[in-house]
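Structure first, commentary second.
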Amino acid sequence: MNLNRRQAIQLIATAVPAVAGARAFGATAQAAASLPTAAGTKKIAFDGVYAEFRIPMKELGQDSPADLSPYSHLVMEMRMSSPQRLLLWVYTTHGLRSMGIDGFGQNAWLRASIPLRYFVGHDSEGYDLASAGNRRTHSCWFSVWGPFGDLHSVKSIGIAMEYPLNKPTVELRNVHLSKTDEGSEFLEAVPLIDSFGQWALADWPRKIKTHEQLTQELAAEEKSFGSAADFGYARYGGYKNTQAKATGFFRVEQVDGRWWFIDPEGHLFLSTGINGTPGGGAGFGNDGGSIRANQRLDSWGVTTGGHGRPGTVMLQWPREVNYLGLPDVYSPEFVKAIYAAAQRQCAARANDPLVLGYFVGNEPPWNERESELCGLILTGPETATKAALKDFLALVDTPQRRREFVFASFRKYLEILCGAVRKYDPNHLLLGIRFGGRMADEVMIAAGIFDVCSINVYEYEPTKQMIRAARLSGRPILIGEFHVGVPADGLAAGLVQAKDQAERGIAYRYYVEQAASLEWFLGAYWFQWRDEPVMGRMDGENYNIGFVDVTDRPYAELIEAAKTTHKRLMEVHSGKLLPFARHPLASDAGAPSTPWTV
């Protein structure tokens, strides 16, 4: 998690009373404190900028403060009118604990059996931020972010929502503590998903009702397609009215004080892309629908991704031994496996002019968990890394020494990866590890080994993180992931929220043009091509963040905003045009300054 966000969480929680705002819950403070019995139901209405409902321990049959260590789960039966994320707070006499909870869909009763251990600390599983922090069940999923701590002296439990849209409500019943996992399940006996993959228990203006409607809308889209020429692009997506040295491959160069990709023909190039594009090439791709996807990318002015177009490659590495994403870097066998994987993935691509470059990793999750990571190594199986750590800590074992070991091991890891890739493909760029959150200075300095420093920034605009990354690494910056979503169509908003689809378009323009105004900017990739499944992907995420929805129809407001920005992008980056400056709105109450980032 971003350090600034963690501090903001604590400030919000300590500053907001039990009933927040002038009309936080549509109820008085006395009514808000009264919880339903197993036979009753309590409806909570959320409004304003931040709204919270608190459950005193006495309503759960406990003294206050209470020791919850004998219990394993907090169980709630709930029905939400909106798919917006809920925040769960545990207030203790000596600190806060927190996590997020997202239900799948809306207007359906579900049971959420919430493991209390998620308030105490992270699991030790996972190899990137999402796999380390997201935990799904059948009916809902949890974001395990912290702050963490013991549950020995709990005063109350808070259920909150930040920037609620359209006065959403949550109905609660049968809220209790349990010593067993009672299972997270839907309690409805009706179909929850329709034949188009849409949430069945809600309606919205653009919802598909018939196959004829879908066919007509997709046919109408085809008539609107433009071409890459509308944006002044040459063969490889560079700006055809520019010229630098051509090498036959993509490279980076600083021109008049500003960084650019240079395409194989020598044209200045800025990389815009969408992760998950059919045909691949901008982060994670798939093979379905690549012809239509290419037509869309050309029409939208997107320069990277698709089939037979310039694209990136995400390299995959052996994970037989994994300590929160850090492998057994001191093992000779591991080094051999890395070189074998590099040969397998890179050698055949070495002379391909369409390859923009290689990502070698994604969002290491051990940042600020270095001491814990060392504990996992020391209690794990006998490995070369465990032996190296024991030797390193033989004289003194302190948190700082453990940090030093992790940073040194990570630098070694980068040297192994980069050496292997460059051996089998000396022609293409190393685009780095797509760092998420605020990584330590030592990590960002180590990123200087790459040609490009890539960062994933889930904020309304990324300029502060870009400046820091560029100054520490000394490299130009590529945004590997960003998005803005809307809690709509049965889906949650994602990590950054806009109040509607029009504001999501505004958000794209604001983010990309603010980033492009910086001298270090090389490009930015939206996450992702298609909305996530309403019942969640593998780790639970069910976000309304696509350029297209689950029925493959584009979001017109987002598309038009992207096209407008892409036509301005070269001049914004050149300093000839000021960047788009209107901050998007997250709700009718305004736009938050600290979105939920991980």
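Readers should treat all values here as calculations from the given coordinates under stated rules, not as data from a laboratory. A quick note: this is a predicted structure, and the numbers were derived from the prediction, not measured. Backbone-built Cβ (ideal geometry, glycine too); neighbour counts: all protein chains shown.
Here are a few things to note about the model shown:
- The residue list 406, 470, 460 was ranked by how far each Cα lies along the charge dipole of the chain toward its positive end, using unit charges on Cβ atoms, and 470 comes out on top.
- Selection among 233, 527, 300 by position relative to the dipole of the chain gives 233 as farthest towards the positive end (Cβ unit charges, Cα centre).
- Net charge dipole, the range 213-341: roughly 240 debye, given to the nearest 20, about the Cα centre with Cβ charges of +1 for Lys and Arg and -1 for Asp and Glu.
- Backbone N atoms of the range 296-323 closer than 18 Å to the 7 Å Cα→Cβ label point of residue 382 belong to residues 321.
- Separation of alpha-carbon centers, the range 109-158 and the range 401-423, rounded to whole Å: 31
- For the range 508-598, the relative contact order is 33 percent, taking Cα pairs closer than 8 Å that sit 6 or more residues apart in sequence and dividing their mean separation by the residue count.
- Reported label for calculated Kirkwood radius over Cα pairs in Å given [x] 27.6; [y] 28.4; [z] 25.4: [z]
- Note: relative contact order over the range 310-451, using C-alpha pairs below 8 Å and six or more positions apart, is 35 percent.
- Near residue 59, once Lys and Arg are set to +1 and Asp and Glu to -1 for all other residues with Cβ below 14 Å from its Cβ, the sum equals +4.
- Taking other Cβ atoms within 10 Å as a rough exposure proxy, 374, 418, 346 sort from fewest to most as 418, 346, 374.
- Value at 222 nm in deg cm²/dmol, rounded to 500, when DSSP H runs of n ≥ 4 in the chain each add -39,500 (n - 2.57): -8500 deg cm²/dmol
- In degrees, nearest ten, helix 290-300 long axis to first principal axis of the chain (Cα): 90
- Normalised by the number of residues in the chain, the average gap of Cα pairs under 8 Å and 6 or more apart makes the relative contact order 14 percent.
- Student exercise, the range 310-451 dipole from Lys, Arg, Asp, Glu Cβ charges, in Debye to nearest 20: 200
- Cα→Cβ-extended label distance, 7 Å offset, between residue 245 and residue 441, nm: 3.4
- Only the Cβ atoms of Lys and Arg (+1) and of Asp and Glu (-1) were treated as charged; on that basis the dipole of the chain about its Cα centre amounts to roughly 780 debye.
- Here's how it looks for residue 433: its modeled amide H is under 5 Å from those of 360, 454, which are all 5 or more places away or on a different chain.
- Contour excess over end-to-end distance, with Cα ends at residue 67 and residue 207 and 0.36 nm allotted per residue: 45.7 nm
- With Cα atoms defining each centre, the range 553-568 and the range 498-528 are spaced 11 Å apart in the structure.
- From phi via Karplus (6.51, -1.76, 1.60), per-residue ³J(HN,Hα) for the range 101-115 in Hz, x at Gly/Pro: 9, 10, x, 7, x, 8, 6, 10, 6, 9, 10, 10, 9, 9, x
- Distance between modelled label sites at residue 412 and residue 120, nm, 7 Å Cα→Cβ extension: 3.3
- With at most 11 other Cβ atoms within 10 Å, longest stretch of the chain clear of loop trypsin sites (Lys or Arg not before Pro) (DSSP): 320-575
- Residue order, fewest to most surrounding Cβ atoms within 10 angstrom, among 93, 137, 277, 242: 93, 242, 137, 277
- Estimated distance in nm for a label pair at residue 182 and residue 368, the labels positioned 7 Å out from Cα along Cα-to-Cβ: 3.3
- Chain lengthening between residue 354 and residue 93 when straightened (0.36 nm per residue, less Cα-Cα): 88.1 nm
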